[in-house]
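Take a look at the structure set out below.
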Amino acid sequence: MMANSPADILVELEEAVAASPPERCARILSDIVQLLTSRHDRAHEKLVNVVDSILLRLAERVTSSALVQLSKALAEFNVAPQDTLRHLASHDDPEVACPILLKSQALSALDLEAVARSCGERHQLAIATRDKVEAAVAEALVRRGGRAIYLALIKNPGTRFSGAAYAGLIEKSAADSEITKTLALRPGTPDVVLRKLLAAPSGENAPAKPNASSVPPAQDAASSPIPARIVPKRPCSTDYANARPEIVALSRVGKLNDSTVNRFAIRGEMANLFTALSVLSAVPIEIIEHVMTDADCEGLVMACRASRLNWQTTLAILSNRGGARLSFAERERAQQIFDTLLLSTSQWTVRWGEIAASANTSDPGRHKNGG
């Protein structure tokens, strides 16, 4: 009696599957997966290719819960049945597709691109959070995805971005400050991309949004009497923690300049302003807090001079640190200090203030002139 060929056997198996009820198909499916899982040699690769069509036929006959289990099992294989893998990866049910999209190393970049272009947000999000996202796949996701996908890609250290993907993200960031900030703070973002992101700060032409540390702008002296100066409210630690990453990013690309600091002062963005002065002058935030709240303007002028800011920016900071404009006499004195101070003297003096403040903090009972 002549033995059946492998092709004939496969045909018989497929016919048997077609005639079996869903419950039996699920058992057959489970048995095949267990067989594949138990082999870790070259025979496994051959077996994968042989059972691919059978698994595909079984996948059409079982319930979604069985498909989820199949997807989770195949996602762990470095070598997996390709037709079945593609079928599961593009399945309408995200519960079935996502295990494959998130973990499978056997799914090609072309397959991932196809899913990124044709499937929904949960499918795209699974791809965006893979351990490694190839540049072509990231580009497809930037073209077809939404805000959640962009942020997931940017936050994923395994994402590789092409020039076209960066261009797409820069375009999207124009109306979304979180995308701008997240991409600017991502390690490895090219400087040319950072410059484009930060060239025109988000919302520059829009009204400033108040923050927890904002203070009212100075009143017009012509319309009301000059009231006593209001001490600006100190930002809290959370305000500083939120402000510092963006300030450091601006400094990194040369955008922490007079224009930027001037805008912080005018808008009353105290956390940004205090942090900017701290970064520019290289002194702790506590020193900046002290000079900003001191009734005498000399320390603040020195801090601005040490930060290499010009007189107009210094005047904006002085004028907007409280609720009243500077008097004519105060302004004249501040400008005289600014004009006569050498940069090196300002930097040394501010640094000396840092050391003195540290000494006073560590020894509260020490007298000012004590040794």
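The values are calculated or read from the model by the stated rules, or taken from the named source; none is laboratory data. In this text, all values refer to a predicted model and were calculated from it rather than measured experimentally. As a convention, Cβ positions derive from the backbone with ideal geometry for all residues, glycine included, and neighbour counts pool all protein chains shown. Only protein heavy atoms, including side chains, enter the accessible area calculation; ligands, DNA and RNA are left aside. Shrake-Rupley method; radii C 1.70, N 1.55, O 1.52, S 1.80 Å.
Rolling a 1.4 Å probe across all protein chains gives His87 an accessible area of roughly 60 Å².
Surface calculation, 1.4 Å probe, protein heavy atoms: Asp92 sits at approximately 140 Å² accessible. Distant-in-sequence amide contacts of Val133, defined by a placed amide H-H separation under 5 Å and a gap of 5 or more residues or a different chain, comprise Thr159, Arg160.
Accessible surface comparison of Arg186, Arg27, probe 1.4 Å, protein chains only, largest first: the order is Arg27, Arg186. Across the cross-link table entries Lys103/Lys172; Lys103/Lys132; Lys155/Lys255; Lys132/Lys196, which are compared at the Cα atoms, the separations over 21 Å belong to Lys103/Lys172; Lys155/Lys255; Lys132/Lys196. When all protein chains stay in place and ligands, DNA and RNA are ignored, the 1.4 Å accessible-area order of Ser30, Ser65, largest first, is Ser65, Ser30. Quick one: if the Förster radius is 45 Å, what FRET efficiency do Arg144 and Arg24 give, using the C-beta to C-beta distance and rounding to 0.05? Result of the calculation: an efficiency of 0.65.
Solvent-accessible area of Glu332, all protein chains in place: 90 Å² (probe radius 1.4 Å, heavy atoms, ligands and nucleic acids excluded). Once the Cβ-Cβ distance of Ala135 and Asp93 is raised to the sixth power relative to R0 = 22 Å, the FRET efficiency obtained is 0.15. Sorting Thr182, Thr84 by accessible area puts them as Thr182, Thr84; the probe is 1.4 Å, largest comes first, and only protein heavy atoms count.
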